[in-house]
Structure formats: C-alpha cells, structure tokens
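Single-structure report; data block below.
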Amino acid sequence: GDKIDFLRLALPADYGEIGYPAAMTSWLVPQEHAHPGFWCGDRYARAAFRKFAEQKFRTIGAVNAAWGTEWKSFDEVTFPDVGDDYAAARRACESRRPSDRRRWLDFVAWYHDSQLDFMRQAVAIVRRHFPEIEIVVSIGYASEKPVFGNDYSAIPKLAAELDVSLQTPGNVGYFPLKRVSTACHFYGARYYTEPPGGVDRNRQVARIFNDASNGTQVWFDYPGNLAGAVDLFQQYKQHLTGQRAINDVAILMPMTDHRLHPQHGFPPEVLETASRLRERMDYDVIDELMAADGALKNYRLLIMPTGQVFETEALAAIERFVRGGGVLLCREVGGIETIDGARGFSEPVMPETVPGIDAIAPDGALDYDAAVKHCARRVGRGYVVKLPAGWDRSELFYDLATRLNFDLKRLDPKLRNGILVETEDNGVATTLFADRILLHNFSDGQVSLKIPLRQEDFEDRVIGRPEKWEYELTLAPYSIEVIALE
C-alpha cells in the first residue's frame, strides 16, 4: 500500500508485549540470561525505588511506620525479599501484619507502574513522529503473575487515556481474553487479537467464537492460518462485528489478594470457576480497580470465588453495589479484611448464622430453596449469599452461581433472572447479543439440544426477540450455531 494504517509499538520484552522478560521467545532466539523474575536488580531500578518511596511517604519515619522497617535515611531503602521463593509475600500472608502486606504490595505496585510510565513515554515518542497514525500495543502472557508486570485493568485504562489500541493473543483461554476485553470495553480502549502460528481448523472456530464473544474489533492473522480455514471464515465471518456481548454477571478478580500469592498466574479458584461456568453462562471479569472506578453498575450478580485481603475502596464499591440492589455470591474463605487488617465492610453484610453444609446439600446435591433461605442476607436493596463451604465443595459453588443467575426471582421477586439458554455441562458454550444467540460446540462429539427459551426473561430488556420460544438444534463437533433475535 501507499500508507501506514497502524504502528505496532514493540516494547523491550517477549514478543514486544508490555511487561518484563520471561524467556517465552527463547525457542526463537536463544537467550543466555532470560527467565521470569523481578528485573530490578540494577542501580537504576534501585534508585527509582528509593525515589518512589520518598515521593510516596515524604519522610523516612513514614516509610518505617508503613513498612515496619528501621532505616535511618532514604539511602538505605531497598526492596523486600524478591527471591524465587517470594519470601516477602509469604511472610505477608503468614504474619498478616499490615506493614508486611504494605511493603510487598507497594513494591509490586511500583514494579507494575514502571511499565505504565514507560508505555506513556514510548507512546509520546512515536506520536511525535507519527501524529496521525494509530498505535497498537500488545498485552500478552495470558497471566497476571506479578513478575510479568502486566496489570490487565491498569493497562487498558491507560490505553484509553493515551488513545492507543490493545492487542492480545487470541488463541488462549477464555478467562484471560475476558479479563482484558472487559477492561477495554469499560474504559473505552480498542480491543484487537492476534494468534500464534499454526492454528488448526478447530481452534480457528474457537477463536472466531471467542473473539465474537469478547467484542474484538480487529482480527489479525497469518496467511498460513487463513489459507487452511477459508471456508470457515466464509461460514462464520458475519459474527465478527465488534459488537459487545450482553452480560450482567461478573466474576471478581481479587488483585490485592492475588499479588499476595505471586506464585499464581491467576487465582486457581477464580480460574477454575470461570472455566466450569463457561458452559453454563457467559460472564465479564472485573477487578478491584474497575470496581472502584464504577464498573459494578453494569451487573446484577457478582461472583467472588476467593479473596480475603482487599483495598478499602474496592470493598466500599462492592458494598455500594449490594446496597443498590446487586447480589454478591461468595464462599467461606476465613474472613474478609482490608490491607490494614480492618473488618472488610463498614457494616456487617455477611450472613451472621449459616447452618452447616448438610442443611443446603443434604444428599450431596444443592437444595436451592434451602440455600436461599439459610445463606442469603438482605443488605439494603440487595443480597449477600455466602456458601458455608471451602473449595473442597466447589461443585456446590458452581451450582449455586448457576441457580442464582437464572433464578434470582426465587431469592426476591423484584430481582431479574438471566436469559436462560442452556446450562448443561455438555461441551457447548453460549453468548448473548442484542440480535442473536451464539452456541459453540467445542467438543469432538455431536451435541443435540432442546432449548425452551423463557419469554419472561426477555421482558423489559433492550434486546431482540426469537422467532419462536422452543428450539431443537444439532451442533456438529467444533461448530457454531445461531438463534436470531429480531
């Protein structure tokens, strides 16, 4: 062509993505010293951290009070223990001292914010030379392990501020995609995807469905992938509209608690919940930053699989959500508190006396009526529903989340049910749009469905109506079907 449509801003990490080196490209270019870790051992990083502490606290006395240290001057300020065993994070969890928590969390925040600061500077340099051309920044890793330095909400928020587009790998799990796309749509950043090389036909169908479900606005692909799937694009391309799916259920990503457990890419309970629920419902993913910025106003139901330690502002936002008519589902995690160790909510919002698990699952299966009766507490105009069980009874948590989504009126007739399509664990996922329902069979077997749509679910919603209320569909392996809404 005779013009540049966009510029990909490659940052100095794996594949040019925003974050720190992790040796993911060693297969392509052998790297003698590249590995996941905290890349801040040089004198420049140490000086930057001392400057950060001085700007944040002003006096060394304030630093010592916040972090439990005994330094005499800012020249002595240094990182917590950031070795491979994450000793400082482990100490913060075990001691539960606010000073241990603050020191570790402040370090991680500085480490992540350094990437955001670099992104600001890099975008400014490119804009100076190419003021009219769209800039695309890649956000990757499919993980928020703190060593990677990539915050999947803070980066989209900054991208919207800088008017740059974000591009993520499109052939990863649904949860990482949804984590980024939810933030992009909320903050107003353009959302694109790209694949690895060598995507087979079945994964191309999955990517088409996932990109449609995530409201992807630009699809980037390699000629080899496209050449082997021309017929699939001809069949399904009409679904790649960039239109955002309709979701009023969100899963909470507890970032503060997650950063206190830096060995994980995502909290295992959150990742497992998202994976298990996808065949039953679609969802968005929000974190504490998004909650504090007002994202909860878009949802009926907030699912919190785990999390004990939160920022005060996030808990205040969750409490406002519930008091305003939202429903929070959580489970027994041993108490919820702020970083400083204070009681999590300004007033008691958790059910005070919840019977044993046998009262709501007498034969091992969930008794929804008993759960509604014993596990829910009215808070303002909303409810908190707390499952009295640990993660060893996770199936009950998934079942309760499903029933709450599609039968909230059993809890309170004034609440709204979700639009029920199908909830079987059968290898089929569904996504709702204003003008259609997409169904994706991601299994290797044919699936036959009988779908009785509930007319009352569509009332008082700005959404099309189906031609009929009952459907019988047969989905071939690795295929997409559609129910039109008009």
Share, in percent, of DSSP beta bridges within the chain that are antiparallel, nearest 5: 45
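Taking a 28 Å limit on the Cα-Cα distance, which of the listed pairs K3/K178; K145/K178; K237/K297; K145/K237; K72/K157; K373/K468 fall beyond it? Write down the numbers at each step before the final one.
Numbers: K3/K178 33 Å; K145/K178 17 Å; K237/K297 32 Å; K145/K237 34 Å; K72/K157 38 Å; K373/K468 35 Å.
Beyond 28 Å: K3/K178; K237/K297; K145/K237; K72/K157; K373/K468.
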Prolate/oblate/rounded label for segment 1-68 (Cα gyration tensor, a/c 1.5): oblate
12 Å cut-off, amide nitrogen to a point 7 angstrom out along K3 Cα→Cβ, residues in segment 131-156: 132-134
Rough spin-label spacing in nm, given labels placed 7 Å along Cα→Cβ, for F233 and F74: 5.5
14 Å beta-carbon shell around Q446, net charge (K/R +1, D/E -1): -3
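Please find the FRET efficiency linking R320 to R201, where r is the Cβ-Cβ separation and R0 is fixed at 41 Å, and quote it to the nearest 0.05. Display every interim value, and only then the final one.
Details: r = 47 Å, r/R0 = 1.14.
Once rounded, the FRET efficiency stands at 0.30.
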Cα-based shape type of segment 304-356, given that a ≥ b ≥ c are square roots of the gyration tensor eigenvalues and the cut on a/c is 1.5: oblate
Overall form of segment 249-410 per C-alpha gyration tensor (a/c, 1.5; a/b vs b/c): rounded
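Treating only the Cβ atoms of Lys and Arg (+1) and Asp and Glu (-1) as charged, compute the dipole magnitude of the chain about its Cα centre; round to the nearest 20 debye.
Working: 56 positive and 70 negative charges, 227 e Å.
Magnitude of the dipole: close to 1100 debye.
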Positive-pole candidate from V270, G224, F345, dipole of the chain, charges at beta carbon: F345
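What is the calculated FRET efficiency for N426 to E94, with r their C-beta to C-beta distance and R₀ = 45 Å, to the nearest 0.05? Don't skip to the end; give the middle numbers.
Values: r = 43 Å, r/R0 = 0.95.
That pair, N426 with E94, gives E of 0.60.
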Leading residue at positive end of dipole, the chain (Cβ point charges), from A62, A10, V164: A62
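Report, for segment 249-410, the % of DSSP beta bridges that are antiparallel, rounded to 5. Show your work: numbers first, answer last.
Values: 5 of 22 bridges.
If I count the DSSP bridges inside segment 249-410, around 25 percent turn out antiparallel.
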Fully extended contour minus Cα-Cα distance, from F130 to D369, at 0.36 nm per residue: 79.9 nm
Cα centroid separation - segment 134-198 against segment 255-329, whole Å: 18
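Near C184, within a Cβ-to-Cβ distance under 12 Å, what is the net charge of the other residues, with Lys and Arg +1 and Asp and Glu -1? Can you show the working numbers first?
Details: positive: K157, K178, R179, R190, R244; negative: D284.
With Lys, Arg at +1 and Asp, Glu at -1, the net is +4.
How long is the gain from T25 to D113 if the chain were fully straight, where each residue apart is worth 0.36 nm and the alpha carbon distance is subtracted?
Details: separation 88, 0.36 × 88 = 31.68 nm, distance 2.39 nm.
Length gained, T25 through D113: 29.3 nm.
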Around I208: net Lys/Arg minus Asp/Glu count, Cβ-Cβ under 15 Å: -1
Percentage relative contact order, segment 249-410, counting C-alpha pairs under 8 Å, at least six apart: 23
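Helix-only mean residue ellipticity at 222 nm, the chain, DSSP H runs n ≥ 4 weighted -39,500 (n - 2.57), per residue, nearest 500. What is it? All intermediate terms of the calculation are to be shown ahead of the outcome.
Working: 15 runs with 165 residues, N = 486.
Only helices count here, giving -10500 deg cm²/dmol.
We did not get these values from a lab; they are worked out from the coordinates using the rules stated. The model shown is predicted, which means the values in this text are computed figures rather than measured ones. Because the Cβ atoms are built from the backbone with ideal geometry, glycine has one as well, and the counts that use them run over all protein chains shown.
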